[in-house]
Amino acid sequence: MVPRVLTMIQDEDVARFLTRTLLGELEKINLSPLAGEVLELITSGGQYQALFDDAFKGIERLITGNQVLILEKFGEASKYTPGFVDQYIVDRFVAGIVRLLQEVIADPEHPLRMQFADSTRKLIEKLKTSPEMYERGAAIKRQIIDHLRTKPYYAALWNDIKNRILADVASDRSRLRETASSLLTALGSGLAKDAVMQHKLNEWLLGALETLMLAHRHQISLLIIDVVKSWDARDVSEKIELEIGKDLQFIRLNGTLVGGCVGVLLHLLGMLLS
């Protein structure tokens, strides 16, 4: 079913749909207030301090891992100092920065940490209330929309996804097929063991069928009438004979016996009364 559906869908229609839908939603977004809300959400909980520590640890690794590059750039900017002097200055500089980062990481109340948190709060407030930031966000949004309108990202993305799905389904060990199979198996197994869910599902199905039947009872009655009208009388009688033939013979025999007995009784009553 999956390959058939994917090949039926035209790539141009998908690209047009994605462009219309995504760009339409992007038009409604105010980037500046949204960025402020996201930043406020990130910094509101205890996870913020952990992210702050991870960021400082990353900076520490970046500096210590690129000390040779820092020395090269320092030497390019300081052409008239001996190399050993450059080495000494860069080593002292790197050691000082690393020590500062370690102090900030170790101290939750470090002034630099507090200063960063205060700057973040001011930035959040500015993003949410500043007309200047709002205009800047609107300008960035317009640039993104214009760029997306001119670049066929959607078509390339859709083609890549479609080709990956088709290749997966065609393989002997399809992940999509395995996932669907395992999900259906787990659902069936869980439902078979859950009497409460079975009861709820039965009630839901009965309610849905009742609603459907009541909503379309007129059409259903017309369908039944049309079907019955299309039946041939001889074929129907033969099918009834086949289905309930033994019962009909029993009814006929009983009718004959009862009718005969009643006839005899009526005849005897007639003779006695005469």
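The values are calculated or read from the model by the stated rules, or taken from the named source; none is laboratory data. Keep in mind that what you see is a predicted model, and the values were worked out from it rather than measured. Positions of Cβ are generated from backbone atoms using ideal geometry, with glycine treated the same way; all protein chains shown enter the neighbour counts. Please note that ligands, DNA and RNA were not included when accessible areas were found on the heavy atoms of the full protein model with its side chains. Shrake-Rupley method; radii C 1.70, N 1.55, O 1.52, S 1.80 Å.
For this structure, a couple of remarks:
- Residue that is among the aliphatic types (A, V, I, L, M), at pLDDT below 85 and more than 21 Å from residue 128 (Cβ to Cβ), where the choices are 29, 9: 9
- As for the stretch 118-139, it holds no residue that is among the aromatic types (Phe, Trp, Tyr), surrounded by 14 or more Cβ atoms within 10 Å (Cβ to Cβ) and farther than 30 Å from residue 32 by Cβ.
- Contact map, the stretch 8-32: residues that are more than 15 Å from residue 162 (Cα to Cα) paired with residues that are assigned to a helix (DSSP H, G or I) and open to solvent by 50 Å² or more (accessible area, probe 1.4 Å), Cβ distance under 8 Å, separation 6+ or inter-chain. Pairs shown: 19/149; 23/149; 26/144; 30/134; 31/140; 32/128; 32/134; 32/136.
- Close pairs (6 angstrom Cβ cut-off, 6 or more residues apart or separate chains): outside any helix (DSSP H, G or I) in the stretch 106-131, at pLDDT 85 or above anywhere: 110/104
- Filter result (assigned to a helix (DSSP H, G or I) and either over 30 Å from residue 241 (Cβ atoms) or in contact (Cβ under 8 Å) with a residue 12 or more places away in the chain (or both)) within the stretch 252-274: 264, 265, 266, 267, 268, 269, 270, 271, 272, 273
- The stretch 236-258: number of residues that are exposed (fewer than 10 other Cβ atoms within 10 Å of the Cβ) and modelled with pLDDT of 80 or more: 0
- Qualifying residue in the stretch 201-217 (condition: within 28 Å of the chain's Cα centre (by Cα), open to solvent by less than 70 Å² (accessible area, probe 1.4 Å) and among the hydrophobic types (A, V, I, L, M, F, W, C)): yes
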